[in-house]
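Engineer: Please read through the structure below; I'll follow up with questions.
The values are calculated or read from the model by the stated rules, or taken from the named source; none is laboratory data. Note that the coordinates shown come from a computational prediction; the quantities given were computed from them, not determined experimentally. So basically every Cβ, Gly included, is an ideal-geometry build from the backbone, and we count neighbours across all protein chains shown.
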């Protein structure tokens with residue numbers, strides 16, 4: 001499971017990447033409009049986390065390597 005041949009896992013990661021990407025776009029929109037709640041609740045850090053996780057999920061969904069759910073030692 002969670003290798004290059006696991007198409008179900010790759011679909012799950014792809015859908016997660018899309019959802020996290022939408023959250024990141026919403027966070028960037030809120031940050032550009034300088035909403036106070038973004039600063040109070042650490043929304044900028046959450047937005048950056050969404051961007052990073054979205055990138056890693058999308059990379060695994062496309063290539064099938066470097067899954068975030070498995071340690072690659």
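Engineer: Out of (1) modelled with pLDDT of 85 or more; (2) in a loop (DSSP other than H, G, I, E, B), what's the single condition that is false for residue 34?
Structural biologist: Just one mismatch for residue 34, condition (1).
Engineer: Please find, within the range 42-73, the residue that is modelled with the highest pLDDT out of those that are in contact with a helix residue (DSSP H, G or I) (Cβ under 7 Å, 6 or more places away or on another chain) and assigned to a loop (DSSP other than H, G, I, E, B).
Structural biologist: 64
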